[in-house]
1. Name the residue that is farthest from the chain's Cα centre (by Cα), counting only residues in segment 12-24 that are free of Cβ contacts under 8 Å to residues at least 12 places away in the same chain and exposed (fewer than 14 other Cβ atoms within 10 Å of the Cβ).
2. Out of the helices (runs of 4 or more DSSP H) lying entirely within segment 1-115, which hold 3 or more residues that are within 25 Å of Asp125 (Cα to Cα)?
3. Among the residues of segment 116-126, count how many are polar (S, T, N, Q) and part of a loop (DSSP other than H, G, I, E, B).
4. Residues to consider are Phe121, Phe90, Phe114; find the one that is modelled with pLDDT of 95 or more and either touching a Cys at 6+ places or on another chain (Cβ under 8 Å) or on the phi > 0 side of the Ramachandran plot (or both).
5. Which of the residues spanning segment 25-69 are modelled with pLDDT of 90 or more, surrounded by 16 or more Cβ atoms within 10 Å (Cβ to Cβ) and in contact with a strand residue (DSSP E or B) (Cβ under 7 Å, 6 or more places away or on another chain)?
6. As an exercise: evaluate Leu72 against (1) in contact (Cβ under 8 Å) with a residue 12 or more places away in the chain; (2) out of contact with any helix residue (DSSP H, G or I) (no Cβ under 6 Å at 6 or more places or on another chain) and give the number of the one condition it does not meet.
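The values are calculated or read from the model by the stated rules, or taken from the named source; none is laboratory data. Not measured: the values here are computed from a predicted model. Don't worry about glycine lacking a Cβ; one is built from the backbone with ideal geometry, like all the others, and counts go over all protein chains shown.
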Amino acid sequence: MIDEKLRDELLQIKITFPDAFISLNCELILQPELNIYFLLDNITDIRQVRLKMLAWVTRHCFTGVSTQQRELMIRKLNDYLGTEFSEDEFERIYLAFNDIRNGNKKFEARHYLFAFGGYNFSYLDL
């Protein structure tokens, strides 16, 4: 059975991204028409959901999509995170999570500190 806090976090994502769904491959697909998704198979708590959102979704806030889609992703991701990040800040976040996406590393202390320590960019430089 799914953890209640994790379920609530996924519900919050569904509110922010109304077209979101979980595929049969255990992928959280946020924007089907843009193929924006990440795997849920190794998620064990809500913190990892937020970290994966930062690692995977931030790309679409500065590149890879049209200007209109980029503005939409910036608004939606900021709504979910409770932030007001700019396009440049999303790019900085994306680059700081680069090793995670490439499968080279697991989330590090600096990622957790950034995501759960008030989004202080100095943590990303550790």
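1. Top of the filtered list is Leu24.
2. Helices (runs of 4 or more DSSP H) meeting the threshold: 46-52, 67-81, 87-96, 98-101.
3. Residues of segment 116-126 that are polar (S, T, N, Q), as a first pass: 120, 122.
Filter again for part of a loop (DSSP other than H, G, I, E, B), leaving 120.
The qualifying residues number 1.
4. Being modelled with pLDDT of 95 or more and either touching a Cys at 6+ places or on another chain (Cβ under 8 Å) or on the phi > 0 side of the Ramachandran plot (or both) holds for just one of Phe121, Phe90, Phe114, which is Phe90.
5. Once the filter is applied, which keeps residues that are modelled with pLDDT of 90 or more, surrounded by 16 or more Cβ atoms within 10 Å (Cβ to Cβ) and in contact with a strand residue (DSSP E or B) (Cβ under 7 Å, 6 or more places away or on another chain), segment 25-69 yields Leu28, Ile29, Leu30, Ile36, Tyr37, Phe38, Lys52, Trp56, Val57, His60.
6. Of (1) in contact (Cβ under 8 Å) with a residue 12 or more places away in the chain; (2) out of contact with any helix residue (DSSP H, G or I) (no Cβ under 6 Å at 6 or more places or on another chain), only one is false for Leu72: (1).
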